[in-house]
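Input: a single structure, listed below in structure tokens.
The values are calculated or read from the model by the stated rules, or taken from the named source; none is laboratory data. None of these values were measured; they are calculated from a predicted model. FYI the Cβ positions are ideal-geometry reconstructions off the backbone, even for glycines, and counts take in every protein chain you see.
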Amino acid sequence: MFSSIVALCALSSVAGCKPAPKSVFEPYGRVQGAVDTTSPNCAARYNAFLDYAKARSRNQPGYEALQAAEPSNDLPDASTVWAKVAVYPVDGEDRIYVFTQPGHPAHPAVLIKSTFVNSEGMHQQVNGCAWGDHKAYVRFLTAAQISAAWFQEEIRGNPMPGADIPPSQRDPAEVRVAGPAELVMKVAERAWLMNRAGQPPSTIYVWTAKDALMSAAHFTWLEPPSPSADRYALMDAAIVDFTTDKGAEALASWCGGPDASRTPRLCERAKARTAQWALIKSM
């Protein structure tokens, strides 16, 4: 047998006897020479995508963040499950690769968020690959696609499709909450999703069920937050104002709670605003 192989190699070129060159991994396939960004190369495994993103990331070795994993039942465009992911922005592609980490409901999986511009304006496309629980991946993907839709709605000035979604929930800069106790965390959640969608928050207005004519509070960011900011960092960078008792109650509840130490600047500003609010009410 060995002599047969030697004979075959002697009759062929030397290159023909060398191992075939290892193919270069690409996250998307090609159709007629063009990259098809609608169909990720999911036949490859999780580590192939991870190694690719690590090698090309401008933010080595990738920053960890909390990512929405599923939308809630009562607010279809909000998220209720937050799981840790590793995020890699890749130079030259206008893409962000979001990798689930062990413990994430959809692990192992990757989401790829692409930003592109055409004659109709700027768009975001989100797709990816699932090698784990498919239902958890669908929830994970849906939450990311919703945040991309918020981004497109804002920059294009068009309403999001789906009239069954209440208008108050179609505007990413407006948040509706049932009561003061959940106000700060709901704002943190919305700010994080906007930031991850490439639309850093500037002002977010919050209404409670008791507010009719004006928002209970609003949060303003004077500088664009870091792309890697988590929910607490986002809130701590915000300037808060409130115009109803419910707004004051919400900030007092948060700053008297277990997470106050994670937003010291927010609580310092809230304390100053509370004093002003008490003075206004006494006049």
Residue check: is SER72 modelled with pLDDT of 50 or more, more than 24 Å from PRO40 (Cβ to Cβ) and either within 13 Å of the chain's Cα centre (by Cα) or surrounded by fewer than 15 Cβ atoms within 10 Å (Cβ to Cβ) (or both)?
no
Taking the options LEU251, LEU222, name whichever one is touching a residue at least 24 places away in the same chain (Cβ under 8 Å) and among the aliphatic types (A, V, I, L, M).
LEU251
Would you mention how many residues in the range 185-201 are modelled with pLDDT of 85 or more and touching a Ser or Thr at 6+ places or on another chain (Cβ under 8 Å)?
1
